[in-house]
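Asker: Below are the structure tokens for one structure; questions will follow.
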RNA sequence: GUCCCCGUAGCUCAGCAGGACAGAGCAACGGCCUUCUAAGCCGUGGGUCGGGGGUUCGAAUCCCUCCGGGGACGCCA
């Protein structure tokens, strides 16, 4: 529960009580109360909150909306509420509610008390898993992985603040067809570098990173692998390369501010026979059939457009089969909510994955797949093609090096996951106003500076009980207070909608209101009581900016 | 052909579990630094919310259709 929520609930109750009283007195006729809303109007003159119940009730009550609204308002006015200043009927029948500011002046004490946990909901006792990035350990992390990392991690942070027990997981695709191709590539490079004239596999990993890896293998093992049996040679090459790649992914993401709770290896599913198990289970349930020597899952039974192969004619399971086993494992671990962050190129996979979950007897509603549209990388207006194979793209570690972690994370999360993201490296590198992260960080640094100045002047902010927040009467002060008060509600909306961009938007707005306040009013060298109240306003604004930036994984610098 | 995302100001995008005159940043123009950081603030101009139809008291938001851009439709992952 948060301040804004409490107000909402209070007002909803006030209105429902009034409507019911009207019905009892025969002033209104209706069977069931429609699902009405109490919202913050765009226009300030329309009050602090507005309610649309009268329009919704009009048909059933056989009465003009304005007439209904007036009836309700008259009933509300028979009771006097401390928080409500006045209520009006406006427009087609809106009930506009004007509050006095008393509730706002409770906000500073609340934020002051909670500090770095301001915005957090109480624990819900619900476990949610967020799986994201899960890049193939066969190449460098690209821009799609970077966006997935920023979105996934921010979403996980939001869910944590919203009261969920969150687990972050990375699924390591260290088995399957791609790994075979990867091993072919390693082996070919190894032999080539040892003087063998071999053609490189047509679909192999041609990137320079593979060559570099093999060079390191050579400096460690020399020509030893030439004498090994092919199977042993391939295993040696692959084990080394996988360890190196996973380590690289781990370190790069860590450097991006992304830390996982679980690194889940696909290989362990194969080794433990989990894939055969799940295939057998589906077979027993009659959800599979054989055709052209392959085994097909009947996705169409669950609303998919076509069936999907899970066992190839060569007897090997497909990626989908492994993924079913993986998701079975997730659900067996007892999560209440499972979220996957996937690139939009996987959208065809969504319906059958949900179908498989249902086939396994779990509730597909508990699985949410957040699809994010792909990133287009530009350099000075020219598109940079992202090819993991050729290795000619910019990798995440290079991106962090070039534009910095803060700007990169903010940029990736600012846009709705539904939108294509054009990322121009030249633009991001400029570190000017085009990068909104500086706008927010600058607000934070400015507040820190005020407190430094205060210290120099020997001014100390007293405890909350010695401060009178009601001295904050200026438009800019009230706007800032309201925005700070909104924070917990903003988090819960962002969690519900799985919309990390909302937090970026929120903190931009908050910083904007601060800058506006800063340019209109002074904090220091005021009447002492006012100075104290404004110091408190700065104090809680700073906390709220910091808590927001923490969610985004962006630093809050005290000086800029 | 089927499916997914997008189409809002010159540019990049918010808003979209329907709500009252459509928002921000950048760009353009004009102001604001002898007192807390001008990476800032204030103001001005700029939009048939891709087109058409429908549902509704009310549609940028929901539904249908068409157009335009991107993506997915492998016994790849």
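Asker: For the range A:388-405, indicate whether the set of residues that are part of a helix (DSSP H, G or I), over 30 Å from residue A:277 (Cα atoms), modelled with pLDDT of 90 or more and within 16 Å of RNA strand B (Cβ to nearest atom) is non-empty.
Answerer: yes
Asker: Please go through the range A:322-361 and pick out each residue that is surrounded by 21 or more Cβ atoms within 10 Å (Cβ to Cβ) and near RNA strand B (Cβ under 8 Å from one of its atoms).
Answerer: Within the range A:322-361, just A:322 meets the criteria.
Condition check ((1) surrounded by fewer than 19 Cβ atoms within 10 Å (Cβ to Cβ); (2) more than 6 Å from RNA strand B (Cβ to nearest atom); (3) closer than 20 Å to residue A:28 by Cβ) across all residues:
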{"residue": "A:56", "(1), (2), (3)": "no, no, yes"}
{"residue": "A:61", "(1), (2), (3)": "no, yes, yes"}
{"residue": "A:74", "(1), (2), (3)": "yes, yes, yes"}
{"residue": "A:77", "(1), (2), (3)": "yes, yes, yes"}
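Asker: Here is a further query. Take residue A:456 and tell me if it is near RNA strand B (Cβ under 10 Å from one of its atoms), touching a residue at least 12 places away in the same chain (Cβ under 8 Å) and farther than 28 Å from residue A:5 by Cβ.
Answerer: When the stated conditions are applied, residue A:456 does not pass them.
Asker: When the residues of the range A:371-385 are filtered to those that are part of a loop (DSSP other than H, G, I, E, B) and over 24 Å from the mean Cα position of the chain (by Cα), which remaining residue is modelled with the lowest pLDDT?
Answerer: A:385
Asker: Would you pick out the residues in the range A:157-179 that are more than 15 Å from RNA strand B (Cβ to nearest atom) and in a loop (DSSP other than H, G, I, E, B)?
Answerer: Selection gives A:163, A:164.
Asker: Answer yes or no: is there a residue in the range A:197-218 that is within 16 Å of RNA strand B (Cβ to nearest atom) and over 23 Å from residue A:134 (Cα atoms).
Answerer: Checked against the condition, which is being within 16 Å of RNA strand B (Cβ to nearest atom) and over 23 Å from residue A:134 (Cα atoms), the range A:197-218 yields at least one hit.
Asker: Which residues, taken from the range A:15-39, are under 28 Å from residue A:100 (Cβ atoms), within 16 Å of RNA strand B (Cβ to nearest atom) and surrounded by fewer than 16 Cβ atoms within 10 Å (Cβ to Cβ)?
Answerer: A:33, A:37, A:39
Asker: With respect to the numbered conditions (1) more than 12 Å from RNA strand B (Cβ to nearest atom); (2) touching a helix residue (DSSP H, G or I) at 6+ places or on another chain (Cβ under 6 Å), which one is the sole condition not fulfilled by residue A:550?
Answerer: For residue A:550, the failing item is (2).
Asker: Can I ask one more? Looking at the range A:195-207, can you tell me whether even one residue there is part of a helix (DSSP H, G or I) and either within 44 Å of the chain's Cα centre (by Cα) or modelled with pLDDT under 95 (or both)?
Answerer: No: zero hits.
Asker: Of A:235, A:285, A:274, which residue is surrounded by fewer than 17 Cβ atoms within 10 Å (Cβ to Cβ) and free of Cβ contacts under 8 Å to residues at least 60 places away in the same chain?
Answerer: Selected residue: A:235, the only one of A:235, A:285, A:274 that is surrounded by fewer than 17 Cβ atoms within 10 Å (Cβ to Cβ) and free of Cβ contacts under 8 Å to residues at least 60 places away in the same chain.
Asker: Out of the residues in the range A:499-530 that are surrounded by 17 or more Cβ atoms within 10 Å (Cβ to Cβ) and not in a helix (DSSP H, G or I), state the one that is nearest to RNA strand B (Cβ to nearest atom).
Answerer: Checked the range A:499-530; the qualifying residue nearest to RNA strand B (Cβ to nearest atom) is A:523.
Asker: How many of the residues making up the range A:459-498 are part of a helix (DSSP H, G or I), in contact (Cβ under 8 Å) with a residue 12 or more places away in the chain and under 21 Å from residue A:546 (Cβ atoms)?
Answerer: 20
Asker: List pairs: first in the range A:289-313 and on the phi > 0 side of the Ramachandran plot and at pLDDT below 95, second assigned to a loop (DSSP other than H, G, I, E, B) and within 9 Å of RNA strand B (Cβ to nearest atom), Cβ under 7 Å, 6+ apart or cross-chain?
Answerer: Partner pairs satisfying both residue conditions: A:292/A:313; A:293/A:313.
Asker: Going through the range A:288-300 one residue at a time, which ones are surrounded by fewer than 19 Cβ atoms within 10 Å (Cβ to Cβ) and within 11 Å of RNA strand B (Cβ to nearest atom)?
Answerer: The answer is A:290, A:291, A:292, A:293, A:294, A:296.
The values are calculated or read from the model by the stated rules, or taken from the named source; none is laboratory data. Small disclaimer: the values here were computed from a predicted structure and weren't measured. Glycine gets a Cβ as well: all are built from the backbone with ideal geometry, and neighbour counts include every protein chain shown.
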